[in-house]
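A quick write-up on the structure given underneath.
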């Protein structure tokens, strides 16, 4: 197990037009690697756990930058950094949930270079997978984390299918809560996918975490006006207050009328491979006041159906506690 | 006492370079023709190499050479070899090194090397090898045996062997359950006092298990080295905490006379116990450079640092602690199973010594077992043994005090050591101790009574926890050499052979000589970092000992210079040496200050007089390193050189920490509202350095009790911690912005300036204060382990304690 520390030789493309990037992505397909902020790139490649033949550096494409107001909300360029998102006045004013989520990603240094596209499309952080073991996700035929002796404190409670890794994205749950639309471009076309459908679990595709196909590039994220200025709650619980991925996070938006919750979306991070909608909670609290009594009414509901591993039972009460907090904050 | 330099802040000369980035570390040195080496390391936790085929790699363009075990002398286990082949004992263990004209080529070549391994069973939890029938981490056993054996030629470790110790399954099961392992053998044991008789007088007795998880080292500068050979001499740019004390062992590893080794190490980016002495991979750099006759840089990556960079040992143990009705600690009976990793050392006895000093029990028994595992080699790490013991002891001690209905601060104060108290199994004396006063000072600063009243107070989901804890480390040695020189330019050259590991203690201690010789700081120059600059044989820069040890050496060297100044003046100007005194860089008659000479003139006269005055002769008792240096300096000025005498007793550095936290019952997280710490570490000779030691130790103490731990997978022996991110170092937002720290500032009588070090206990008291505060916030609940992480707290609050590891498992989440 040599500890490699150098980038192996590979081709580097630096397109400045999105069309050129799409052409390259199409041509290179699985042999290419899209490079944004690089926070989920260099480790893989220096460790030689991933071996793309070419890097497509997207950072020269100005059209993928910026945060713009649209007729139905805002559009965030895929290369917008997490710092830009967390400090953008428009987002802070109307979609403070997203600003908050972006502000707690990793560290200031990482937020300064890390992009929204990278944050939602990063690979899972299972330490076994990242060490280059031949697990299911890496093309093998076993899961090292789903055994009685495994060190799986940070792994999934729900919907594991051969792989028990969780989504590491802090902004993902917020985008699902805000009913964001993900703009996925390919050579000669574009498709727009709801954030909730953007993330995929291992039962659907164990080698990817999103619906993105080879040749496609996430070029923008659109936030509709529906949840602008809504009441929100966001909390990320991690070991440390800087740098760590979430043990559990909760993103919630709510509309209340006459003191009662008319509509809500509650989404948990880090409990399964995709951001997890808490639909049963959403249904139960509809029409109820946002208070302790409602919180008590749904106590334990968030974690119902969880299938904990050896070391991650704590995520169940933590999920429930965050829901309680969302309803009483 | 009023000092000119001691107790005053100053700017160490390397500060500017550190801030601007101009400071050079081993990796910054280049040499014409230099090639780059990379390591091929073991993917297996245990096994042996059946066959290596590196022909394809060696044939690659740009590959210059390969070093294997065939090129190096192999020490017998458990000594940690530089390269391993027949006995591989941990993942990441170096097997061979490839040198190439670029690092990229070296890494590409490593990919071409084919190795056939034979696997052996492995273990990552010490209790799994201690149990009868359990696999052994080495082919011949699982524990350290000390004997009088000699080191193999070219190696530095001697007197150790691998033996085997086993406990019955019943004993292991009892121990895992927190009970006494009846009938189990303990290779390590010491005791003092009448244990049972003292327990009989105790009205409060608590019996608790504990486990502490080891922690990897993560000094910012990995242990990179660069070496080249010229005319039979090896020039080695390395990264050690210490400097000249490493010359002989490094020369031994390279198989050369120490006189033929030039060791250059201007700056070291941290060591914390992981770089005290030359480490095995340095032999690879030196031998590879000699084999291929090219300068070689062997850069160690962050990941490799986690494999070969040493680590803190973990402990699994059980403690019985008795309090007498008046709060005196009557007796302590402690069992510790220590994880020495692969070929390292556990810290069992030093952990027990912490109890013997800080609690001053009337009777105590320690029983221990040191076990190897197929994990990274363990060794010293900031207060090894004492600090992790501090972390688990604090809440257990709190429990006993609460049961007795007494005050936690008061009981600690009444049992705290004073100068007349003793330590450890040999009941050794202390150089001095005033710890009750430090505890009271800390309590006053923290407003103990007022804060204690807030214990358990609820504010929504948050609950207040008040904790306190004690840190201790033996912080002083003696018997090393001091060397200074007054140049013919009148300047004072302060030669030091201690390392510069970032604490600036190297600079603080040499000011002792400036103090004795009454020289302005701007007329002083510190000479260090390169043995060709003629450095004395100085202490190891570790164990918080520099402040005590090197104050002594600089004092005796300056005294020697002072004597020579006076003798030279007397010889030239008449009278007896005792008739003269010094000030303002002059030596003059006490009765007539006009009659004297400048230091520059005295130095010139020393050169003319020769002999001992200018270093042509010197005391035979000096270490060879110092002798060579004095010979190198001979004739260049007035030489002050002397060997320090021996001190007597343990030099105790002790700290007390107080902490208030607000613990969120919903998330298991907490905010540290206040942290106050006071040190009993003698005279503070550099206030800024002292403050940084207290702050730095405080941060790491939070890490020890709250975040950091080794995690190994028992399925395959892989470590989950191979990066700074995974090591869970506390971050800026995890620790308080401001700490309140102070020193008792009572001089130690065996230090000429009264100083003792403080680096290590500053971590222990913070770790103990945090674990105490967490327990306090939860109504005195004991997790019996360090660290305590949010998941454990959440489980406890949710009454899911059965999911917390309760059976002394180590190396786990």
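Bear in mind these aren't lab numbers, they're just calculated from the coordinates by the rules spelled out. Bear in mind that the values here come from a model prediction, so they are computed numbers and not experimental data. Positions of Cβ are backbone-derived with ideal geometry, glycine not excepted, and every protein chain shown enters the neighbour counts.
Exposure proxy for B:748, B:520: other Cβ atoms within 10 Å of each Cβ, ordered fewest to most, give B:520, B:748. Highest GNM mean-square fluctuation among A:247, A:133, A:98, for chain A modelled with Cα contacts below 10 Å: A:133. Taking the centroid of alpha carbons for each part, the range B:334-369 and the range B:252-301 are 33 Å apart. DSSP beta bridges fully contained in chain A are about 85 percent antiparallel.
Does anyone have the angle between helix A:18-28 and the longest principal axis of chain A? Alpha-carbon axes, 0 to 90°, nearest 10? The angle comes out near 70 degrees.
Computed on chain B, with alpha-carbon pairs under 8 angstrom and 6+ residues apart, the relative contact order is 16 percent. Working note: Cα gyration tensor of the range B:570-678, eigenvalues times five, square-rooted, sorted largest first, giving semi-axes of 53, 22, 14 Å.
Normalising the average separation of contacting C-alpha pairs (under 8 angstrom, six or more residues apart) by the number of residues puts the relative contact order of chain A at 17 percent. Would chain A count as rounded, prolate or oblate if I go by the C-alpha gyration tensor, calling it rounded below 1.5 in a/c and otherwise prolate when a/b exceeds b/c, oblate otherwise? It comes out oblate by the Cα gyration axes. Shielding by partners for peptide A:240-249, expressed as the average number of C-beta atoms from other protein chains within 10 Å of each residue's C-beta, is 5. For the range A:82-154, the normalised intensity computed at q = 0.12, 0.19, 0.20 Å⁻¹ comes to -0.50, -0.79, -0.82 (log10 of I(q)/I(0), Debye sum over alpha carbons, equal scatterers, no solvent). Helix A:315-328 and the longest principal axis of the Cα set of chain A meet at an angle near 60°. Only helices enter the 222 nm calculation for chain B: every DSSP H run of n ≥ 4 contributes -39,500 (n - 2.57), and dividing by all residues gives -8500 deg cm²/dmol, rounded to 500.
Shielding value for A:127-138 is 2, the average number of Cβ atoms from other chains within 10 Å of each residue's Cβ. The label-point distance for residue B:489 and residue B:147, in a model that sets each label 7 Å from Cα toward Cβ, rounds to 5.7 nm.
By other beta-carbon atoms within 10 Å, ranking B:538, B:313 with the fewest at the front produces B:538, B:313. Of all beta bridges that DSSP places with both ends in the range B:481-643, some 85 percent have antiparallel geometry.
Fraction of C-alpha pairs exceeding 41 angstrom in chain B: 36 percent, rounded to a whole number. With the Cα gyration tensor of the range B:40-114 giving a ≥ b ≥ c as the square roots of its eigenvalues, does the rule (a/c under 1.5 for rounded; else a/b larger than b/c for prolate; else oblate) give rounded, prolate or oblate? Cα axes put the range B:40-114 in the prolate bin. If you take the square roots of the eigenvalues of the alpha-carbon gyration tensor of the range A:11-147 and sort them as a ≥ b ≥ c, do you get rounded (a/c under 1.5), prolate (a/b over b/c) or oblate? It comes out oblate by the Cα gyration axes. Estimated from helical segments only, the mean residue ellipticity of chain A at 222 nm is -7000 deg cm²/dmol, where each DSSP H run of four or more residues counts as -39500 (n - 2.57). Spin-label pair residue B:802-residue B:724: with each label point 7 Å from Cα along the Cα-Cβ axis, the two points sit 4.3 nm from one another. Tally the DSSP beta bridges in the protein assembly as shown and give the antiparallel ones as a percent, rounded to 5. Of those bridges, close to 80 percent are antiparallel.
Under the definition of Cα pairs under 8 Å and six or more residues apart, what whole-number percent is the relative contact order of the range B:481-643? List each step's numbers first, then the result.
Numbers: 349 pairs, mean separation 51.5, N = 163.
Relative contact order, the range B:481-643: 32 percent.
Here residue A:262 and residue A:68 are evaluated by their C-beta separation; at R0 = 30 Å the FRET efficiency comes out at 0.55.
Just to verify a number: FRET efficiency for residue B:220 and residue B:445, C-beta to C-beta distance, R0 = 35 Å, to 0.05? Result of the calculation: an efficiency of 0.65. What the Cα convex hull of the range A:11-60 gives, in volume per residue, is 61 Å³. With the simple spin-label model, which puts each label point 7 Å out from Cα in the Cβ direction, the residue A:162 to residue A:142 separation comes to 1.5 nm. Three principal axis extents of the protein assembly as shown based on alpha-carbon atoms, in descending order, are 103, 77, 64 Å.
Comparing A:43, A:189, A:66 in a Gaussian network model of chain A (Cα springs below 10 Å), the most mobile by mean-square fluctuation is A:189.
The residues B:496, A:41, when put in order of fewest to most other Cβ atoms within 10 Å, stand as A:41, B:496. Would you give the gap between the C-alpha center of the range B:701-721 and the C-alpha center of the range B:561-602, rounded to a whole Å? If you average the Cα positions of each part, the centres end up 62 Å apart. Reported to the nearest whole Å, the Cα centre-to-centre distance from the range B:503-542 to the range B:163-210 is 48.
Quote the FRET efficiency, to the nearest 0.05, computed for residue B:60 versus residue B:454 with a Förster distance R0 of 60 Å and r equal to the Cβ-Cβ distance. Using R0 = 60 Å, I get an efficiency of 0.35.
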